[in-house]
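Student: What follows is a single structure, and I will ask about it in a moment.
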Amino acid sequence: MAQTTIPLYKTVPNSRQDASYKEQSETGKDGIIRISKVTNPTITIFQPEEINNQHTAIIICPGGGYSILAFNLEGTEIAQTLNKWGITAIVLKYRLPSDAIMKDKSIGPLQDAQRAIQLTRMNAKQWNINPSKVGIMGFSAGGSLAATASTHFDKTVIPNVDNISLRPDFSILAYPVISMQKEITHMGSRINLLGKNPSEAQVKEYSNELQVNANTPPTFLVQASDDRVVSPENSIKYYETLLKNHIPAELHLYQNGGHGFGQKLPEDQWMDRLKSWMVHNHYLN
């Protein structure tokens, strides 16, 4: 697989300088690569073989509670599977919200997601992508980011002089943090993104189930009922709101699987369900 890593920006927006804040990468005993303290966000582009190319792109947002990125489990390993389907997979190494390096940490990750979408469409011809088949995929807190990008695309938080659409064409959300409402949110993600005492307006703004409208992209959701980290109510409420707004949506809620299963469940390959959904909706042939 051909892969290339490029920086998102020449000059990173919304940034403060902190010489002591340096990116770290550690591989745990579980084999998961955990990246933290990202200051220079990048995208890594995994391109399929030309004969296999579906001209579809998916930007992947790994999770980790907005404190780390589970970069292989929910990033590069997913990209390799998507590549086999003929999809250009783009793994986003986004900045994790931090007052140390951001003027406004609540918009930092969203800036990087919007920039990844913008860059993908700007380079669509060069990367052999159909600019109307650009999706976003997120896991856990990366699902929060993907859902935010899918509901806040009219709120442009990056320079966009060419008025390139920042709306994903479709969304794939795996065990996502959707809500910031304290009854169902993942509190660690909420604190990292919004601080310990966010205003009611901030909580509402980033509770993505409250931000769905008729222009929200079609969405595929997957979660396990026994998820003890992120309540399945996050996926359910988002799905219900999509239905109310007549948005094509599919929810797979498995009995068992816990949290953080990546692309593998004990008894099913949920990404086979995803592939069928993509074919049904003409994102894949």
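The values are calculated or read from the model by the stated rules, or taken from the named source; none is laboratory data. The structure presented is a predicted model; accordingly, all values stated were derived computationally and were not measured. Every residue, glycine as well, gets a Cβ built from its backbone with ideal geometry; the counts of neighbours run over all protein chains shown.
Student: Hey, can you tell me all the residues within region 144-203 that are aliphatic (A, V, I, L, M), under 17 Å from the mean Cα position of the chain (by Cα) and under 29 Å from residue 272 (Cβ atoms)?
Tutor: 145, 146, 147, 149, 172, 173, 174, 177, 178
Student: Same structure, new question: Say we look at region 50-75 and pick out the residues that are free of Cβ contacts under 8 Å to residues at least 40 places away in the same chain and part of a helix (DSSP H, G or I); which of these is nearest to residue 228 (Cα to Cα)?
Tutor: Of all residues in region 50-75, those free of Cβ contacts under 8 Å to residues at least 40 places away in the same chain come to 51-52, 68, 75.
From what is left, the residues that are part of a helix (DSSP H, G or I) are 51-52, 75.
Numbers: 51: 42, 52: 39, 75: 22 Å.
Within region 50-75, the match that is nearest to residue 228 (Cα to Cα) is 75.
Student: Output the residue which, of all residues in region 253-285 that are assigned to a loop (DSSP other than H, G, I, E, B) and under 18 Å from residue 56 (Cα atoms), is modelled with the lowest pLDDT.
Tutor: So in region 253-285, the residues assigned to a loop (DSSP other than H, G, I, E, B) come out as 255-269, 281-285.
With under 18 Å from residue 56 (Cα atoms) added as a condition, the list becomes 281-285.
Details: 281: 98, 282: 97, 283: 97, 284: 96, 285: 93.
Only one residue tops the list, namely 285.
Student: Turning to a different aspect of this structure: For region 161-184, how many residues meet the condition of being among the polar types (S, T, N, Q) and without any contact (Cβ under 8 Å) to a residue 12 or more places away in the chain? Before the answer, list the steps.
Tutor: Just the residues of region 161-184 that are among the polar types (S, T, N, Q), to begin with: 163, 165, 171, 179, 181.
This time we only want the ones that are without any contact (Cβ under 8 Å) to a residue 12 or more places away in the chain, so: 163.
Residues that pass the stated criteria total 1.
Student: Related question: Filter region 1-49 down to the residues that are in a loop (DSSP other than H, G, I, E, B) and among the aromatic types (Phe, Trp, Tyr), then identify the one that is surrounded by the fewest Cβ atoms within 10 Å (Cβ to Cβ).
Tutor: Here the answer is 21.
Student: Can you name the number of the only condition in (1) under 28 Å from residue 284 (Cα atoms); (2) buried (at least 18 other Cβ atoms within 10 Å of the Cβ) that residue 190 fails?
Tutor: That leaves (1) as the condition not met.
Student: Select from region 250-285 the residues that are farther than 17 Å from residue 229 by Cβ and of a type in the set (A, V, I, L, M) and write down the one among them that is surrounded by the fewest Cβ atoms within 10 Å (Cβ to Cβ).
Tutor: 279
Student: Between residues in region 24-49 that are at pLDDT 95 or above and residues that are among the aromatic types (Phe, Trp, Tyr), which pairs lie under 7 Å by C-beta distance while being six or more apart or on different chains?
Tutor: So the pair list comes out as 33/71; 35/71; 37/21; 38/94; 39/21; 41/94; 45/127; 47/127.
Student: Is it the case that residue 250 is part of a strand (DSSP E or B), over 26 Å from residue 115 (Cβ atoms) and of a type in the set (Asp, Glu)? Spell out how you get there, then give the answer.
Tutor: On the way: part of a strand (DSSP E or B): yes; over 26 Å from residue 115 (Cβ atoms): yes; of a type in the set (Asp, Glu): yes.
Criteria met by residue 250.
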